[in-house]
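J.: Questions regarding the structure given below will be posed in turn.
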Amino acid sequence: MYCFEFHEGADSSGSRVTELRHAGRVLDRLCTEATGAVPGYRFLPVFFLANAVCLGWSPTLQRLGPGLLLPDRPTTVGEESAEHAAAALAHVFALDRLDTDVEHLLDPDLVTAAVRLTTRTAPHLTAADWEHTLWTGLRAWRELYRGCGAVVVADPELRCLRVSGQPLSAPRSGRG
């Protein structure tokens, strides 16, 4: 199991920012959520974690933390772009259904879109793979967004994410 911490704070302009950390090491630069931006964007990396534990595939996480959760291998800009597009769709979908019962979060059109976005870069991923992965990411994103915790425990053996606890320290300031 791997623990990832989402450390929240504010930058000099007052925008909400989040750092993703593992074992005290910053993996992702500050995800900024400026005033007027799509709420919850700062938790987008949770979808990369879901991809890693459920699919064994996350070009973004492989770049941010080589050898962490996934075997170290070179990734392409196309793979990372496809992953970001799928994560952005899942994020907007989750935000749109924030007041929906959790069992009604997933829509077949979202699964189809994820499959189509990654057909060229990850042709081995099936609709069933994406359904489980998106479900996992959507549930974890929702818990982070609602403030139910700031630590994500990733278990690749069980192919799941669990949100719990609070971060161990405050985010670093002065980074942009």
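The values are calculated or read from the model by the stated rules, or taken from the named source; none is laboratory data. Note that the coordinates shown come from a computational prediction; the quantities given were computed from them, not determined experimentally. Quick reminder, even Gly has a Cβ in these numbers, built from the backbone with ideal geometry, and neighbours come from all protein chains shown.
J.: For region 54-99, give me the residue count where each residue is buried (at least 21 other Cβ atoms within 10 Å of the Cβ) and of a type in the set (D, E, K, R).
T.: Summing the residues that are buried (at least 21 other Cβ atoms within 10 Å of the Cβ) and of a type in the set (D, E, K, R) in region 54-99 gives 1.
J.: Can you spot a residue in region 145-161 that is touching a Gly at 6+ places or on another chain (Cβ under 6 Å), in a helix (DSSP H, G or I) and either of a type outside the set (Val, Ile, Thr) or surrounded by fewer than 17 Cβ atoms within 10 Å (Cβ to Cβ) (or both)? Talk me through it step by step, then tell me what you get.
T.: Here is the first cut: in region 145-161, the ones touching a Gly at 6+ places or on another chain (Cβ under 6 Å) are 145, 149, 151.
This time we only want the ones that are in a helix (DSSP H, G or I), so: 145.
Going one step further and asking which of them are either of a type outside the set (Val, Ile, Thr) or surrounded by fewer than 17 Cβ atoms within 10 Å (Cβ to Cβ) (or both), we end up with 145.
Checked region 145-161: at least one residue is touching a Gly at 6+ places or on another chain (Cβ under 6 Å), in a helix (DSSP H, G or I) and either of a type outside the set (Val, Ile, Thr) or surrounded by fewer than 17 Cβ atoms within 10 Å (Cβ to Cβ) (or both).
J.: Okay, next question. Identify, by number, the condition in (1) modelled with pLDDT of 85 or more; (2) under 18 Å from the mean Cα position of the chain (by Cα); (3) of a type in the set (S, T, N, Q) that Thr75 doesn't meet.
T.: The single condition Thr75 does not satisfy is (1).
J.: Sticking with this structure for a sec: Pick from region 52-72 the residues that are closer than 19 Å to Arg162 by Cβ and assigned to a helix (DSSP H, G or I): which of them is modelled with the lowest pLDDT?
T.: If we take residues in region 52-72 being closer than 19 Å to Arg162 by Cβ and assigned to a helix (DSSP H, G or I), then Leu61 is modelled with the lowest pLDDT.
J.: Looking at (1) assigned to a helix (DSSP H, G or I); (2) over 21 Å from Glu8 (Cα atoms); (3) modelled with pLDDT of 90 or more, find the lone condition where Glu103 falls short.
T.: (3)
J.: Right, something else. Step by step: first the residues of region 39-59, then only those that are more than 9 Å from the chain's Cα centre (by Cα) and among the aromatic types (Phe, Trp, Tyr), then the one that is nearest to Leu117 (Cα to Cα). Which residue is that?
T.: The extreme case among them is Trp57.
J.: Looking at (1) touching a helix residue (DSSP H, G or I) at 6+ places or on another chain (Cβ under 7 Å); (2) on the phi < 0 side of the Ramachandran plot; (3) not acidic (Asp, Glu), find the lone condition where Gly149 falls short.
T.: (2)
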